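The values are calculated or read from the model by the stated rules, or taken from the named source; none is laboratory data. Bear in mind that the values here come from a model prediction, so they are computed numbers and not experimental data. Backbone-built Cβ (ideal geometry, glycine too); neighbour counts: all protein chains shown. Note: accessible area is taken over every heavy atom of the protein model, side chains too, but ligands, DNA and RNA are not part of it. Shrake-Rupley method; radii C 1.70, N 1.55, O 1.52, S 1.80 Å.
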Amino acid sequence: MESKNGTKQWYQRRVRVREEFGHHLKCALRHMYVRDTRDDLLVPTQGSRHMFETELAGFLGDVNHVKVSAESQFNARLILGYSAALSIRAGMIHELGDNRRTWITDKFFCGGPGSVRGFYEDGIGRPLGGTIHWGAGFSLTRNLPFSPHIWGLGKYMRVHHFANAGNVGSCKDELIKDPRVSVGSGLIMKIANFRMEINYAVPIRHQPDDVVNHGLQFGIGINFM
(Lines give C-alpha, C1' and ligand atoms only; values in the text may rest on other atoms or scores of the structure.)
Protein backbone atom coordinates (compact mmCIF):
# COMPACT_ATOMS: atom_id res chain seq x y z
CA MET A 1 0.00 0.00 0.00
CA GLU A 2 1.19 3.53 -0.75
CA SER A 3 1.84 5.75 2.25
CA LYS A 4 0.65 9.34 2.64
CA ASN A 5 4.23 10.48 2.31
CA GLY A 6 4.56 8.58 -0.96
CA THR A 7 1.31 10.12 -2.24
CA LYS A 8 2.61 13.62 -1.48
CA GLN A 9 5.89 12.90 -3.24
CA TRP A 10 4.13 11.61 -6.34
CA TYR A 11 1.91 14.73 -6.40
CA GLN A 12 4.97 16.98 -6.26
CA ARG A 13 6.56 15.00 -9.08
CA ARG A 14 3.46 15.34 -11.28
CA VAL A 15 3.50 19.11 -10.81
CA ARG A 16 7.13 19.27 -11.94
CA VAL A 17 6.35 17.12 -14.98
CA ARG A 18 3.48 19.41 -16.05
CA GLU A 19 5.95 22.25 -16.31
CA GLU A 20 7.49 20.53 -19.34
CA PHE A 21 4.20 20.17 -21.22
CA GLY A 22 4.11 21.70 -24.70
CA HIS A 23 5.08 21.04 -28.30
CA HIS A 24 8.60 19.89 -29.13
CA LEU A 25 10.12 18.76 -32.40
CA LYS A 26 12.86 16.16 -32.54
CA CYS A 27 14.69 14.80 -35.58
CA ALA A 28 17.21 12.07 -34.83
CA LEU A 29 19.22 9.15 -36.16
CA ARG A 30 19.36 6.03 -33.97
CA HIS A 31 21.43 2.86 -34.19
CA MET A 32 21.09 -0.21 -31.97
CA TYR A 33 23.36 -3.26 -31.75
CA VAL A 34 22.14 -6.37 -29.91
CA ARG A 35 23.90 -9.70 -29.40
CA ASP A 36 21.90 -12.33 -27.52
CA THR A 37 23.09 -15.90 -26.80
CA ARG A 38 20.79 -16.67 -23.85
CA ASP A 39 18.90 -19.96 -23.76
CA ASP A 40 15.64 -18.14 -22.93
CA LEU A 41 14.63 -14.54 -23.59
CA LEU A 42 12.51 -14.16 -20.44
CA VAL A 43 13.98 -16.49 -17.79
CA PRO A 44 17.51 -17.34 -18.95
CA THR A 45 19.80 -19.76 -17.14
CA GLN A 46 22.90 -19.41 -19.31
CA GLY A 47 24.29 -17.20 -22.04
CA SER A 48 24.61 -13.43 -22.34
CA ARG A 49 22.97 -10.40 -23.90
CA HIS A 50 24.66 -7.14 -24.91
CA MET A 51 22.98 -4.00 -26.21
CA PHE A 52 24.54 -0.73 -27.35
CA GLU A 53 22.41 2.13 -28.64
CA THR A 54 23.41 5.57 -29.91
CA GLU A 55 21.19 8.47 -30.92
CA LEU A 56 22.10 11.75 -32.61
CA ALA A 57 19.43 14.46 -32.48
CA GLY A 58 19.60 18.03 -33.74
CA PHE A 59 18.89 18.16 -37.46
CA LEU A 60 15.56 19.92 -36.93
CA GLY A 61 13.53 21.07 -33.94
CA ASP A 62 14.49 22.09 -30.42
CA VAL A 63 16.33 18.91 -29.33
CA ASN A 64 20.08 18.69 -29.89
CA HIS A 65 22.06 15.92 -28.18
CA VAL A 66 24.01 12.69 -28.37
CA LYS A 67 22.50 9.88 -26.32
CA VAL A 68 24.33 6.63 -25.54
CA SER A 69 22.88 3.60 -23.72
CA ALA A 70 24.46 0.23 -22.96
CA GLU A 71 23.27 -2.96 -21.25
CA SER A 72 24.90 -6.29 -20.54
CA GLN A 73 23.62 -9.43 -18.84
CA PHE A 74 25.56 -12.60 -18.01
CA ASN A 75 23.86 -15.85 -16.97
CA ALA A 76 25.43 -19.07 -15.70
CA ARG A 77 24.18 -22.36 -14.26
CA LEU A 78 25.40 -23.25 -10.79
CA ILE A 79 25.13 -26.30 -8.55
CA LEU A 80 21.95 -27.55 -6.89
CA GLY A 81 19.81 -26.28 -9.74
CA TYR A 82 20.60 -22.60 -9.18
CA SER A 83 21.34 -20.07 -11.91
CA ALA A 84 23.06 -16.73 -11.45
CA ALA A 85 22.56 -13.53 -13.43
CA LEU A 86 24.60 -10.33 -13.41
CA SER A 87 23.12 -7.28 -15.15
CA ILE A 88 24.75 -3.91 -15.80
CA ARG A 89 23.29 -0.87 -17.56
CA ALA A 90 24.34 2.74 -18.04
CA GLY A 91 23.55 5.75 -20.18
CA MET A 92 24.58 9.33 -20.88
CA ILE A 93 23.16 12.34 -22.72
CA HIS A 94 25.43 15.12 -23.96
CA GLU A 95 23.70 18.31 -25.10
CA LEU A 96 25.22 19.86 -28.21
CA GLY A 97 23.59 23.30 -28.33
CA ASP A 98 23.37 26.17 -25.86
CA ASN A 99 19.88 27.22 -26.98
CA ARG A 100 18.45 23.72 -27.07
CA ARG A 101 17.75 21.32 -24.24
CA THR A 102 16.93 17.71 -23.44
CA TRP A 103 13.30 17.26 -22.51
CA ILE A 104 11.83 14.80 -20.05
CA THR A 105 10.82 12.39 -22.82
CA ASP A 106 14.49 11.71 -23.63
CA LYS A 107 15.95 11.61 -20.12
CA PHE A 108 16.84 8.57 -18.04
CA PHE A 109 14.85 7.33 -15.05
CA CYS A 110 15.61 4.77 -12.38
CA GLY A 111 13.53 2.64 -10.05
CA GLY A 112 10.76 0.10 -10.42
CA PRO A 113 10.27 -3.64 -10.90
CA GLY A 114 12.33 -3.66 -14.09
CA SER A 115 15.38 -1.84 -12.71
CA VAL A 116 16.05 -1.14 -9.03
CA ARG A 117 13.34 -3.08 -7.22
CA GLY A 118 12.03 -1.75 -3.92
CA PHE A 119 11.18 1.64 -5.44
CA TYR A 120 8.13 2.83 -7.32
CA GLU A 121 8.40 3.21 -11.09
CA ASP A 122 10.85 6.06 -11.81
CA GLY A 123 10.84 6.77 -8.08
CA ILE A 124 14.56 7.40 -7.63
CA GLY A 125 16.02 10.88 -7.65
CA ARG A 126 14.89 13.79 -9.76
CA PRO A 127 11.22 13.89 -10.87
CA LEU A 128 12.31 15.16 -14.29
CA GLY A 129 14.88 12.43 -14.81
CA GLY A 130 18.60 12.77 -15.41
CA THR A 131 21.14 12.94 -18.21
CA ILE A 132 23.32 10.14 -16.80
CA HIS A 133 22.48 6.93 -14.97
CA TRP A 134 23.71 3.49 -14.01
CA GLY A 135 22.23 0.31 -12.62
CA ALA A 136 23.42 -3.14 -11.57
CA GLY A 137 21.72 -6.28 -10.40
CA PHE A 138 22.66 -9.76 -9.21
CA SER A 139 20.13 -12.56 -8.85
CA LEU A 140 19.93 -16.23 -8.01
CA THR A 141 17.05 -18.30 -9.38
CA ARG A 142 16.01 -21.91 -8.92
CA ASN A 143 13.19 -24.12 -10.09
CA LEU A 144 10.39 -24.73 -7.63
CA PRO A 145 10.55 -28.10 -5.85
CA PHE A 146 7.73 -29.48 -8.01
CA SER A 147 7.77 -31.90 -10.85
CA PRO A 148 7.39 -30.15 -14.22
CA HIS A 149 4.34 -32.32 -14.81
CA ILE A 150 2.40 -31.02 -11.78
CA TRP A 151 0.31 -28.18 -13.25
CA GLY A 152 3.44 -27.06 -15.09
CA LEU A 153 4.68 -25.24 -11.99
CA GLY A 154 8.20 -26.59 -12.17
CA LYS A 155 8.51 -25.50 -15.79
CA TYR A 156 7.14 -21.97 -15.65
CA MET A 157 7.98 -20.75 -12.12
CA ARG A 158 11.26 -20.08 -10.37
CA VAL A 159 12.34 -18.82 -6.94
CA HIS A 160 14.15 -15.48 -7.16
CA HIS A 161 16.67 -13.79 -4.81
CA PHE A 162 18.11 -10.45 -5.88
CA ALA A 163 20.23 -7.43 -5.01
CA ASN A 164 19.91 -4.21 -7.02
CA ALA A 165 21.73 -0.88 -7.06
CA GLY A 166 21.57 2.23 -9.19
CA ASN A 167 21.38 5.99 -9.42
CA VAL A 168 20.42 8.80 -11.79
CA GLY A 169 21.56 12.42 -11.99
CA SER A 170 23.06 15.16 -14.12
CA CYS A 171 26.78 14.72 -13.33
CA LYS A 172 29.27 12.04 -12.27
CA ASP A 173 29.38 13.25 -8.67
CA GLU A 174 25.65 12.64 -8.26
CA LEU A 175 26.01 9.07 -9.53
CA ILE A 176 28.82 8.19 -7.15
CA LYS A 177 27.18 9.86 -4.16
CA ASP A 178 24.35 8.07 -2.35
CA PRO A 179 23.62 5.09 -4.64
CA ARG A 180 20.31 3.34 -4.00
CA VAL A 181 20.42 -0.32 -2.95
CA SER A 182 17.71 -2.94 -2.40
CA VAL A 183 17.47 -6.67 -1.76
CA GLY A 184 14.64 -9.17 -1.72
CA SER A 185 13.13 -12.46 -2.84
CA GLY A 186 10.13 -13.60 -4.80
CA LEU A 187 8.72 -15.69 -7.62
CA ILE A 188 9.28 -15.45 -11.38
CA MET A 189 6.52 -16.70 -13.68
CA LYS A 190 6.74 -17.10 -17.42
CA ILE A 191 3.35 -16.30 -18.96
CA ALA A 192 3.03 -16.43 -22.75
CA ASN A 193 5.55 -13.88 -24.07
CA PHE A 194 5.95 -12.01 -20.79
CA ARG A 195 7.78 -12.39 -17.52
CA MET A 196 5.91 -11.70 -14.29
CA GLU A 197 7.51 -11.16 -10.90
CA ILE A 198 6.03 -11.04 -7.42
CA ASN A 199 8.74 -9.94 -5.01
CA TYR A 200 9.17 -8.80 -1.44
CA ALA A 201 11.69 -5.97 -1.72
CA VAL A 202 13.57 -4.15 1.02
CA PRO A 203 15.27 -0.83 0.14
CA ILE A 204 18.36 -0.71 2.36
CA ARG A 205 19.75 2.57 1.01
CA HIS A 206 17.61 5.44 -0.23
CA GLN A 207 17.16 9.20 0.00
CA PRO A 208 14.27 11.29 1.45
CA ASP A 209 13.09 12.39 -2.01
CA ASP A 210 12.83 8.82 -3.29
CA VAL A 211 9.49 7.03 -3.46
CA VAL A 212 10.23 3.64 -1.87
CA ASN A 213 8.13 0.50 -2.06
CA HIS A 214 9.06 -1.58 0.98
CA GLY A 215 7.12 -4.82 0.72
CA LEU A 216 5.32 -6.66 -2.04
CA GLN A 217 6.00 -5.46 -5.56
CA PHE A 218 4.50 -6.71 -8.80
CA GLY A 219 6.11 -6.39 -12.21
CA ILE A 220 5.39 -7.64 -15.71
CA GLY A 221 7.42 -7.09 -18.87
CA ILE A 222 10.25 -8.42 -21.00
CA ASN A 223 13.46 -6.73 -19.90
CA PHE A 224 14.43 -7.00 -16.21
CA MET A 225 17.70 -6.14 -14.48
How many residues does segment 75-123 contain that are touching a Lys or Arg at 6+ places or on another chain (Cβ under 7 Å), surrounded by 17 or more Cβ atoms within 10 Å (Cβ to Cβ) and more than 21 Å from Leu175 (Cβ to Cβ)? 2
Sort through Leu128, Leu96 and tell me the only one that's touching a residue at least 24 places away in the same chain (Cβ under 8 Å) and out of contact with any helix residue (DSSP H, G or I) (no Cβ under 6 Å at 6 or more places or on another chain). Leu96
Is there any pair with a first residue in segment 65-93 that is at positive phi and a second that is open to solvent by 30 Å² or more (accessible area, probe 1.4 Å) whose Cβ atoms are under 8 Å apart and which are 6 or more apart or on different chains, and what are they? Leu80/Arg142; Gly81/Arg142; Gly81/Asn143
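Quick check on segment 33-64: of everything there that is of a type in the set (Asp, Glu) and either more than 24 Å from Thr105 (Cα to Cα) or touching a helix residue (DSSP H, G or I) at 6+ places or on another chain (Cβ under 7 Å) (or both), which residue is least open to solvent (accessible area, probe 1.4 Å)?
Of all residues in segment 33-64, those of a type in the set (Asp, Glu) come to 36, 39-40, 53, 55, 62.
Cutting the leftovers down to either more than 24 Å from Thr105 (Cα to Cα) or touching a helix residue (DSSP H, G or I) at 6+ places or on another chain (Cβ under 7 Å) (or both) gives us 36, 39-40.
Numbers: Asp36: 61, Asp39: 72, Asp40: 37 Å².
Per the criteria, the residue is Asp40.
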Does Ala163 satisfy the condition of being touching a strand residue (DSSP E or B) at 6+ places or on another chain (Cβ under 7 Å), in a strand (DSSP E or B) and open to solvent by less than 20 Å² (accessible area, probe 1.4 Å)? no
Looking at Val183, Val212 in this structure, which one is under 17 Å from the mean Cα position of the chain (by Cα) and either at pLDDT below 90 or over 21 Å from Leu140 (Cβ atoms) (or both)? Val212
Scope segment 179-225; condition farther than 22 Å from Phe74 by Cβ, acidic (Asp, Glu) and in contact with a strand residue (DSSP E or B) (Cβ under 7 Å, 6 or more places away or on another chain); matching residues: Asp210
Taking segment 174-212 and the residues there that are touching a residue at least 60 places away in the same chain (Cβ under 8 Å), open to solvent by 70 Å² or more (accessible area, probe 1.4 Å) and part of a loop (DSSP other than H, G, I, E, B), the one that is farthest from Cys110 (Cα to Cα) would be Asn193
